[in-house]
Amino acid sequence: LFVLSTTAGARLFVAPLERLTAPLQAVHNTGAQAIVVLAAGRLRDAAEYGGRDIPDYIALGRLRYAARLQRETRLPVLVSGGNGAADDNAWSKADAMAAALKEDFGVPVKWIEGKSKNTAENAIFSAQVLRPAAVTRILLVTDAMHMPRARNAFQRAGLVVVAAPTLFFSHPPLGLSAFLPSAEGLRQSWYAI
């Protein structure tokens with residue numbers, strides 16, 4: 001538990017996953033027709049947002065990178081993420097992401113896919129939304145640890161994926177604090193495992 005609670009220990013699980021993908025080197029000339037951003041978690045009933053649900057910090061990291069990509073490419077954006085299996089909240093994770101992109105980042109969102117409960121459904125339902133617009137090649141935005149699984153799911157759904165991973169946790173050099181237990185170290189271990 002001590003090792004799993006350190007960011008150095010977490011790197012034992014995080015780094016192999018992140019090595020399965022690489023940062024997007026060239027934003028232009030990818031042939032992508034749209035940007036698809038996957039949901040992560042959310043913070044419920046955020047008082048500063050009038051009680052609405054808002055994206056958690058992992059989702060915000062994904063949204064920030066998607067906003068940057070959209071500004072550089074001018075591609076339309078699809079946000080994908082429902083509420084989860086037992087959640088009947090009408091405000092989906094995708095709705096919260098769309099609001100953050102529009103209101104906080106000034107980026108338009110063309111499509112909202114708010115039914116999915118997992119990565120496989122993100123892919124299936126996003127492909128269904130994009131098919132009428134003849135979109136077959138996408139820039140897929142998610143965190144680096146999640147990219148291999150997400151890329152496979154979207155390829156199985158019939159889309160050509162240009163990986164646009166963000167949030168590489170294993171890249172910074174290890175300092176002394178990386179060997180001390182922290183909630184972040186335990187979170188990274190939990191997420192990778």
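The values are calculated or read from the model by the stated rules, or taken from the named source; none is laboratory data. Everything numeric here is computed off the predicted structure, so don't read it as measured data. Positions of Cβ are generated from backbone atoms using ideal geometry, with glycine treated the same way; all protein chains shown enter the neighbour counts. Heads up: the accessible areas ignore ligands, DNA and RNA and are worked out on the full protein's heavy atoms, side chains in. Shrake-Rupley method; radii C 1.70, N 1.55, O 1.52, S 1.80 Å.
Rounded, prolate or oblate, given the Cα gyration tensor of the range 55-120, with a/c below 1.5 counting as rounded? Prolate, because a/c is 1.5 or more and a/b exceeds b/c. Checking the a/c ratio against 1.5 first, then a/b against b/c, what shape does the Cα gyration tensor give for the range 1-92? The shape class here is oblate. Solvent-accessible surface of the range 86-137, taken per residue with a 1.4 Å probe and all protein chains present: 52 Å². Full extension of the chain between Asp45 and Gln128 gives 26.9 nm of extra length, using 0.36 nm per residue less the Cα-Cα distance. Mind checking which of Ala90, His146, Pro23 is farthest towards the positive end of the chain's charge dipole, using Cβ charges of +1 (Lys, Arg) and -1 (Asp, Glu) about the Cα centre? Final value for the positive-end residue is Pro23. Projected over all directions and averaged, the alpha-carbon convex hull of the range 89-193 occupies 8.7 nm². Ordered from highest to lowest accessible area with the whole protein assembly present and a 1.4 Å probe, Tyr191, Tyr65, Tyr57 read as Tyr57, Tyr191, Tyr65.
Could you work out what % of the accessible surface of the chain is carbon and sulfur, using a 1.4 angstrom probe and leaving DNA, RNA and ligands out of the count? Each step should come with its number before you reach the end.
Values: 5560 of 9550 Å².
The computed percentage sits at 58.
Convex hull volume per residue, computed on the Cα atoms of the chain, equals 128 Å³. When the label point is put 7 Å from the Cα of Ala183 along its Cα-to-beta-carbon vector, which residues of the range 58-73 have a backbone N closer than 19 Å? Taking a point 7 Å out along Cα→Cβ of Ala183, the residues of the range 58-73 whose backbone N falls under 19 Å are 58-61.
Per the helix-only calculation at 222 nm, which mean residue ellipticity applies to the chain, given -39500 (n - 2.57) for every DSSP H run of n ≥ 4 and division by its residues, nearest 500 deg cm²/dmol? The helix-only estimate for the chain comes to -11000 deg cm²/dmol at 222 nm.
Residue ranking by accessible heavy-atom surface, 1.4 Å probe, largest first, among Asp53, Asp45 comes out as Asp45, Asp53.
For the range 1-41, the solvent-accessible area of protein heavy atoms averages 50 Å² per residue (probe radius 1.4 Å; ligands and nucleic acids excluded). Rolling a 1.4 Å probe across all protein chains gives His171 an accessible area of roughly 110 Å².
Starting from 0.36 nm per residue, how many nanometres of slack lie between Ile193 and Val160 once their C-alpha separation is accounted for? Show your work: numbers first, answer last.
Details: separation 33, 0.36 × 33 = 11.88 nm, distance 2.72 nm.
Result: 9.2 nm gained on full extension.
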